[in-house]
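Enquirer: I'd like to ask some things about the structure below.
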Amino acid sequence: MKPMVRGSITLIVLALGMPPLAAAETMSFGDAIGKLAASCGAEIVANCRGVNPDSTRLKECLSRNRDVLSPQCQSDYLGVFDAIQKRVSARVTVANACQREIVKVCGGSTRETSKSIPCLVSTPKGISNNCLKAIDDAGYR
């Protein structure tokens, strides 16, 4: 893989992996980017050079260039972006599903949910099933 391709893919991984905060059977950010790179790496380099490497702009670029995408890329890229969005949504859900546990069990603040994640993951006692499911869907456990 050429250095430019590796650099672009690294930036995409960083941009998509940054949201710190949630749906069943979500794909990890790393797995999603790996699948996107394997299926669409050449298309991204050829057709999306210069596009900011965030999921929205990259998805728009691939959608605009659907007519030149390989069959594998066409079949995979929408599913990858859907999986990324599900993971982000699942992480946001943790704040809502675990409000009581964040405050009462972990002594944290719902404004800074990410600081309470280690406590929620390591303290099974007093954590509701709804909260545990949200934590699992978000990929924290």
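Read the figures in this text as sums done on the coordinates, not as results from a lab. Predicted, not measured: the structure shown is a model, and the values here were computed from it. Because the Cβ atoms are built from the backbone with ideal geometry, glycine has one as well, and the counts that use them run over all protein chains shown.
Enquirer: So, in nm, how far is label K35 from label R100 when the simple model puts each one 7 Å beyond its Cα toward the Cβ?
Expert: With each label point 7 Å from Cα toward Cβ, the separation is 3.5 nm.
Enquirer: How long is the gain from R64 to V92 if the chain were fully straight, where each residue apart is worth 0.36 nm and the alpha carbon distance is subtracted?
Expert: Details: separation 28, 0.36 × 28 = 10.08 nm, distance 2.92 nm.
The span from R64 to V92 would gain 7.2 nm if fully extended.
Enquirer: Moving on to the next point. Would you kindly state how much longer the chain becomes between N129 and L78 on full extension, computed as 0.36 nm times their sequence separation minus their alpha carbon distance, in nm to one decimal? Spell out each step's value before the answer.
Expert: Details: separation 51, 0.36 × 51 = 18.36 nm, distance 3.12 nm.
Here the answer is 15.2 nm.
Enquirer: Starting from the 7 Å offset along Cα-to-Cβ, what nm value, one decimal, do you get for the label separation of S28 and V51?
Expert: 2.6 nm
Enquirer: Right, next: Tell me which lysines have Cα within less than 29 Å of K125's Cα, excluding those fewer than 8 residues away on the same chain?
Expert: Correct list for K125: K86, K104, K115, K133.
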